[in-house]
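The values are calculated or read from the model by the stated rules, or taken from the named source; none is laboratory data. Please read these numbers as outputs of a predicted model, since none were measured by experiment. A quick note on method: Cβ atoms are made from the backbone with ideal geometry, for glycine too, and the neighbour counts reach across all protein chains shown. Heavy atoms of the whole protein, side chains included, go into the accessibility calculation; ligands, DNA and RNA do not. Shrake-Rupley method; radii C 1.70, N 1.55, O 1.52, S 1.80 Å.
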Amino acid sequence: MDFETISIGGLFTITAVLVVIAIEAGYRAGHVVHRHRENEKESAVSTIVNANMGLLAFVLAFTFAIVSGLYEARKALVREDANAIRTAFLRADFLPEPDREQAAELFAEYVDLRVRLAREPGPDRLRQGLVRSARIHRQLWDMAIAHARTGSNPPIPNLYIPALNEMIRVHALRVDIALESRLPRSIWLVQYTLLVLAMAGFGYQMANAGSRRSWATPCLALSFAVVIALIASLDRPMSGYFIAPQQPMADLQAELAAAMQSRQRRRDEPGLE
């Protein structure tokens, strides 16, 4: 079973249905067994069910800690990415004209692209954005290397190139965590296996205690479905439910827009130079 292909809503529905079915199956099995083994003590069954519930709670907490950690890492990388781009943009002033102006325009386009992808997530837009980002990286890198090889401007290799290198590194890290760091399928399988077993044990305990079917069962099913959907949403940043705050990148976008306007005014009014 490939959990990545199932939508968040699909996981929510599947989880709720599984919980109800497992409780009902355990309840019926408990009635059948209780007719033949009336001496089975309720306390023993309760102990086993509580142990299963404890294991399920541990796995859910463990899984939630993983995905919430990835979410926090994505938030931190947005800040790191904005700082790396800002540093590279400022150090691009070491480039001679006309490459200095071209680099500034590429940086502004790059930041606009990052903000737009965060606001409008989608597989096609993401694919196109990654391709364009790679081209911008290549253009900026080729430009820097061309001037560094001439030896006409020593600060370029000493300052600008390391900053550009750091920007590309952070970009690769963001792509890796956002697109490739996912919960392993084995964790999903263990999670659902324990969920079914714990709910079946809960239904069995109800039957063993002589209790009727409870109307609270759907509430329990919905509660577990919400938790599973929350975990899946945090695990899939492109789902649109939990997007890392992009305010640092938006602030940088405003800074670069102001800087580009200032450059344009200086070109239009040479006396301001």
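Arranged from highest to lowest average of other beta-carbon atoms within 10 Å per residue, in what order do the peptides 105-117, 63-75 appear?
105-117, 63-75
How far is helix 247-268 tilted off the main Cα axis of the chain, in degrees rounded to 10, range 0 to 90?
Taking Cα atoms only, the helix is inclined about 20 degrees.
Below 12 angstrom from the Cβ of His147, what's the summed charge of the other residues (Lys, Arg +1; Asp, Glu -1)? Walk me through the intermediate numbers first.
Details: positive: Arg100, Arg149; negative: Glu97, Asp99, Asp142.
Computed value for this residue: -1.
Can you run phi through the Karplus equation (6.51, -1.76, 1.60; θ = phi - 60°) for the stretch 171-176 and list ³J(HN,Hα) in whole Hz, with x for Gly and Pro?
My calculation for the stretch 171-176 gives 4, 4, 5, 4, 5, 4 Hz in order.
Where the convex hull is taken over the Cα atoms of the stretch 84-220, what is its projected area averaged over directions, in nm²?
Here the figure is 12.7 nm², rounded to one decimal.
When the accessible area of the chain is split by element with a 1.4 Å probe, what percent falls to carbon and sulfur? Let's see the in-between values first.
Numbers: 8840 of 14720 Å².
Carbon with sulfur: 60 percent of the solvent-accessible area.
Determine ³J(HN,Hα), in whole Hz, for all residues of the stretch 200-207 in sequence, where each value follows from phi through the Karplus function 6.51 cos²θ - 1.76 cosθ + 1.60 and θ = phi - 60°; x replaces Gly and Pro.
5, x, 5, x, 4, 5, 4, 5
Per residue, how much accessible area does the chain show when a 1.4 Å probe rolls over the protein heavy atoms, in square angstrom?
On the way: 14720 Å² over 273 residues.
Counting only protein heavy atoms, the per-residue value for the chain is 54 Å².
Taking a virtual spin label 7 Å from the Cα of Glu105 along the C-beta vector, which residues in the stretch 115-135 bring their backbone nitrogen under 12 Å of it?
Under cut-off, by backbone N: nothing.
Please work out whether the stretch 6-125 counts as rounded, prolate or oblate from its C-alpha gyration tensor, where a ≥ b ≥ c are the square roots of the eigenvalues and a/c under 1.5 means rounded, while otherwise a/b larger than b/c means prolate and anything else oblate?
Since a/c reaches 1.5 and a/b is larger than b/c, the shape of the stretch 6-125 is classed as prolate.
Could you pull out the trypsin sites (Lys or Arg not before Pro) across the stretch 166-273 that fall in loop regions by DSSP (anything but H, G, I, E, B) with no more than 11 other Cβ atoms inside 10 Å?
Of the trypsin sites (Lys or Arg not before Pro), the ones in loops of the stretch 166-273 whose Cβ has at most 11 other Cβ atoms within 10 Å are Arg212.
How do the peptides 52-58, 227-233 rank, highest first, by the average count of neighbouring beta carbon atoms within 10 Å per residue?
Final packing ranking: 227-233, 52-58.
Largest first, please: the extent of the C-alpha atoms of the chain along each principal axis, to the nearest Å.
98, 31, 26
Would you work out the Kirkwood radius for the stretch 165-229? I mean one over the mean of 1/r across all pairs of different Cα atoms, in Å.
The Cα-based Kirkwood calculation yields 15.3 Å.
Under a point spin-label approximation (7 Å from Cα along Cα-to-Cβ), what is the Val226-Leu130 distance to one decimal in nm?
3.4
Using Cα centres only, tell me the gap between the stretch 192-209 and the stretch 108-125 in whole Å.
46
Using 0.36 nm per residue, how much length does the chain from Gln139 to Arg119 gain when fully extended, once their Cα-Cα distance is taken away?
Computed gain between Gln139 and Arg119 is 4.7 nm.
Any idea what angle helix 42-91 forms with the longest principal axis of the chain, computed on alpha-carbon atoms, 0 to 90 degrees, nearest 10?
Between the helix axis and the principal axis of the chain, the angle is about 10 degrees.
Given an 8 Å cut-off on Cα distances and at least 6 residues of separation, report the relative contact order of the chain as a percent.
Once normalised by length, the contact order is 45 percent.
Can you tell me the FRET efficiency between Arg263 and Ile6 if r is taken as the Cβ-Cβ distance and R0 is 45 Å, rounded to the nearest 0.05?
Approximately 0.35, to the nearest 0.05.
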